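The values are calculated or read from the model by the stated rules, or taken from the named source; none is laboratory data. Keep in mind the model is a prediction, meaning the values are calculated, not measured. Glycine gets a Cβ as well: all are built from the backbone with ideal geometry, and neighbour counts include every protein chain shown. All accessible areas refer to the heavy atoms of the entire protein, side chains included, with ligands and DNA or RNA removed. Shrake-Rupley method; radii C 1.70, N 1.55, O 1.52, S 1.80 Å.
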Amino acid sequence: MKQALTAFLKTLLNSARDLLPIVAVVLFFQFVVLQQPLPNMAGLIIGMAFVVLGLTFFIYGLEMGLFPIGESMAHAFARKGSIFWLLTFAFALGFGTTIAEPALIAVAKEAATIAAEGNMIVNTEEARSSYASGLRLTVAFSVGLAIVIGVLRILKGWPIQYLIVGGYILVVLMTTIAPKEIIGIAYDSGGVTTSTITVPLVTALGVGLASSIKGRNPMIDGFGLIAFASLTPMIFVMAYGMLI
């Protein structure tokens, strides 16, 4: 219990230290550049305390739960020796974590609203919901496929640079022919997928898998899955825009 409390307090102090640069920037521009007092000082202090606590619980939860379970499952699948189940798990992990991403939900909802206002789709609740759901499913499927490719790269030892460069060449080519209304959404989709839920589990999967396979280096081979998770949504969302 004492050890857990010590670890929590250490994480709390680290979170407060990490937020100090942000606080310093805000205070500098507020007092030096704008030369105005802070509005609602009590609310700002309480809000900052909540931010520190939230960040602390999030990081502590990652270290206690998500990272260990991701690595342990990767080790278990590697020992089992079934590539089919490993790839199935990789796809399900990528799909499941992405579909639950709060950032993706928000972006898909906003994209549907803008599409309706721009007369790209019918401006009804049903049409907006269908558009947003289709966008989320497209992104989630692309991330699941990306994690499968990343796992295959670890298993086969493929050089990551060729896959990434080839993928971005395809992105550039698709950008020239995709509808201009979908390009910005496609590029943003690559960013919102790599958020609070996806990154910890996918990183733990890659590191755990690379640690379990003889001849693989966790530092060299264990990372890189997130790059695929950022790349494939851009390709698939532009393709989704062409079809829709």
Problem set entry | Protection-proxy order for peptides 110-120, 172-182, each taking the mean of Cβ atoms within 10 Å per residue, highest first | 110-120, 172-182
For this session: Pull out a ≥ b ≥ c, the square roots of the eigenvalues of the alpha-carbon gyration tensor of region 117-244, then state rounded if a/c is under 1.5, prolate if not and a/b is larger than b/c, and oblate in the remaining case.
Result: prolate
Exercise. Residue-wise, which Karplus ³J(HN,Hα) couplings in Hz belong to region 20-28, taking 6.51 cos²θ - 1.76 cosθ + 1.60, θ = phi - 60°, and x for glycine or proline?
Worked result: 4, x, 5, 4, 4, 5, 4, 5, 4
For this session: With a point put 7 Å past each Cα toward its Cβ, work out how far Asn217 is from Tyr162 in nm, to one decimal.
Result: 1.9 nm
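Name the shape class, rounded, prolate or oblate, that the alpha-carbon gyration tensor gives for region 1-130, where a ≥ b ≥ c are the square roots of its eigenvalues, rounded holds for a/c under 1.5, and otherwise prolate holds if a/b is larger than b/c and oblate otherwise. Walk me through the numbers before you get to the answer.
Working: a/c = 3.27, a/b = 1.13, b/c = 2.88.
It comes out oblate by the Cα gyration axes.
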Seminar exercise, completed: Here, trypsin sites (Lys or Arg not before Pro) of region 1-55 satisfying both criteria (DSSP loop; at most 16 other Cβ within 10 Å) are none
Exercise. Expressed as a whole percentage, what fraction of the accessible surface of region 40-189 belongs to carbon and sulfur atoms when a 1.4 Å probe is rolled over the protein heavy atoms?
Worked result: 71 percent
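If you average the sequence gap of Cα pairs under 8 Å that are 6 or more apart and divide by the length of the chain, what percent do you get for the contact order?
Values: 274 pairs, mean separation 60.9, N = 244.
Over the chain, the number comes to 25 percent.
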Problem set entry | Solvent accessible area, Å² - Tyr187, 1.4 Å probe, full protein context | 100 Å²
For this session: Just reorder Leu104, Leu62 by solvent-accessible area, largest first, 1.4 Å probe, all chains present.
Result: Leu62, Leu104
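Show Leu201, Leu34 ordered by accessible area, largest first, where the area counts protein heavy atoms only and the probe is 1.4 Å. Could the numbers behind the result be given before it?
On the way: Leu201 30, Leu34 100 Å².
Final ranking, largest accessible area leading: Leu34, Leu201.
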For this session: Mind checking which lysines have their Cα closer than 27 Å to the Cα of Lys156? Skip sequence neighbours fewer than 8 apart in that chain.
Result: Lys80, Lys214
Problem set entry | Nearest-10 value in Å² for the accessible area of Met73, using the 1.4 Å probe | 70 Å²
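Listed highest first by mean packing, meaning other Cβ atoms within 10 Å per residue, what order do 23-30, 235-242 come in? Walk me through the intermediate numbers first.
Working: 23-30: 11.8, 235-242: 20.6.
Put in order of decreasing packing, that is 235-242, 23-30.
Hey, can you find the accessible area per residue of region 101-198 for me, probe 1.4 Å, expressed in square angstrom? Don't skip to the answer; put the middle values down first.
On the way: 4990 Å² over 98 residues.
Here the per-residue accessible area is 51 Å².
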Seminar exercise, completed: Going residue by residue through region 157-166, the Karplus relation 6.51 cos²θ - 1.76 cosθ + 1.60 with θ = phi - 60° gives ³J(HN,Hα) values, rounded to whole Hz and with x marking Gly or Pro, of x, 5, x, 6, 5, 5, 5, 5, 4, x
Problem set entry | Residue-wise HN-Hα coupling along region 144-155, computed from phi with Karplus coefficients 6.51, -1.76, 1.60 (Hz; x: Gly, Pro) | x, 5, 4, 5, 4, 4, x, 5, 4, 4, 5, 5
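So for each of 218-230, 123-135 I average, over its residues, the number of other beta carbons within 10 Å; can you give me the resulting order with the highest mean first? If you can, show how the numbers build up before the last one.
Working: 218-230: 19.8, 123-135: 15.5.
Ranking, from highest mean packing down: 218-230, 123-135.
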Seminar exercise, completed: Taking the dipole of the chain about the Cα centre (Lys, Arg +1; Asp, Glu -1; charges at Cβ), the one of Thr113, Tyr131, Ile169 that reaches farthest to the positive side is Ile169
